[in-house]
Amino acid sequence: MVTTIALTGLATAASVVALTLTGHGTAPMPLEWGTGPLTVAALPRITYVAHRGGAHEVPENSMSGLMTAYLRGTAQVLDFDTRLLRDGTPVVFHDETLNRTTYLGGEVRRLDALEWQGVRLRPRDVLPGSWRSERPPTVAEVLDRFGGRIVLMLEAKDPRGLDRLAGLIRARGLTRSVFVNSNDPGVARRAHRLGLLTQVWRSARQLRTDRPERWRSYVDLLDVDHRARDADLTRAVNSGIARVWAHTVVTDAQRNRVLALGCTGVITDTPGRLARAAQRGARP
């Protein structure tokens, strides 16, 4: 049962100017792309990822947050999380429950697509700028808005929805444009068999005993905790997996350390700030 939390302030929630994509030439492109969809082959040597759209700069789980990160052009990959509704609809949402980021309470999986239309996000007061309250998008809506224009990274929080996610990605010709992420190498193996680009994230604790070279035949991207020991990050970099990116980086020092150890990607809550620091002469 979904329970309503106090709606104080909803009527006065700040609005943000709507950002719409009307054509290839109307917004700065993070990367060049031609007549076909942009794929991971176009990513630069050092890649920046807007984690949850850049959760310290924009509202997570929101289309406007993802669009803002896209238009700023400070990251080459947009990251978001996915969960499954009761009727099997994949939606963009991080938490198991609605409580932290919306005006409702209860478990996401207990809603169906019709009930999802009534969910409204509660932007955090500490975010810069002003943001309107909006419905979290479905995965199909995000793929339709951004697919082929920028590389996407989605975490399959509910592996039961993997086949459905694969169908959405394949139907849009985006199998080389979307990383499908999980903490479970077994889920990555399944995603690989479905023809998807696979990503495995691991915590600092897990990396102490991991042997990621065992996964290199079916993992395209290893996503490592920046707090891991130097030796563990070095082992990941030398695993034979093509891409090793570090999460969740928020400072220049954290970024500089993981790059020095050989990581080739930075997954960050602050893509705009890190990009400005790089422009001022910090290590790219």
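The values are calculated or read from the model by the stated rules, or taken from the named source; none is laboratory data. From a predicted model like this one, the values you see are computed outputs, not experimental measurements. Cβ placement follows ideal geometry from the backbone for every residue including glycine, while neighbour counts extend to all protein chains displayed. When the accessible area is computed, the model is the full protein with side chains, heavy atoms only, and any ligands, DNA or RNA have been set aside. Shrake-Rupley method; radii C 1.70, N 1.55, O 1.52, S 1.80 Å.
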About the Cα centre, charge dipole magnitude for the chain (Lys/Arg +1, Asp/Glu -1 at Cβ), debye: 580 debye
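Determine the percent antiparallel among the DSSP beta bridges restricted to the chain, to the nearest 5.
Of all bridge pairs located within the chain, approximately 20 percent are antiparallel.
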Would you work out the relative contact order for segment 159-256, in percent, from Cα pairs under 8 angstrom that are 6 or more residues apart? 21 percent
Given the Cα-Cα distance of Arg257 and Ala41 and 0.36 nm per residue of separation, how much length would full extension add, in nm? 75.2 nm
Computed FRET efficiency, Cβ-Cβ of Asp163 and Arg229, R0 22 Å: what is it to the nearest 0.05? 0.05
Mind listing P(r) for segment 119-270? All alpha-carbon pairs, 5 Å bins, whole percents. 2, 9, 17, 18, 18, 16, 13, 7, 2, 0
Solvent-accessible area per residue for the chain (1.4 angstrom probe, square angstrom): 44 Å²
At the level of C-alpha centres, the distance separating segment 50-69 and segment 136-167, in angstrom, is 15 Å
Segment 213-284 versus segment 171-203: alpha-carbon centroid distance in Å: 19 Å
Computed helical MRE - 222 nm, the chain, DSSP H runs ≥ 4 contributing -39500 (n - 2.57), nearest 500: -6500 deg cm²/dmol
What trypsin sites (Lys or Arg not before Pro) does segment 66-113 have in DSSP loop regions with at most 14 other beta carbons within 10 Å? Arg86, Arg100
Pick out, from Val219, Val139, Gly65, the residue whose Cα sits farthest towards the positive end of the charge dipole of the chain, with +1 on the Cβ of Lys and Arg and -1 on the Cβ of Asp and Glu. Val219
Of all the accessible heavy-atom surface of the chain, with the other protein chains kept in place and a 1.4 Å probe, what percent is carbon and sulfur? 50 percent
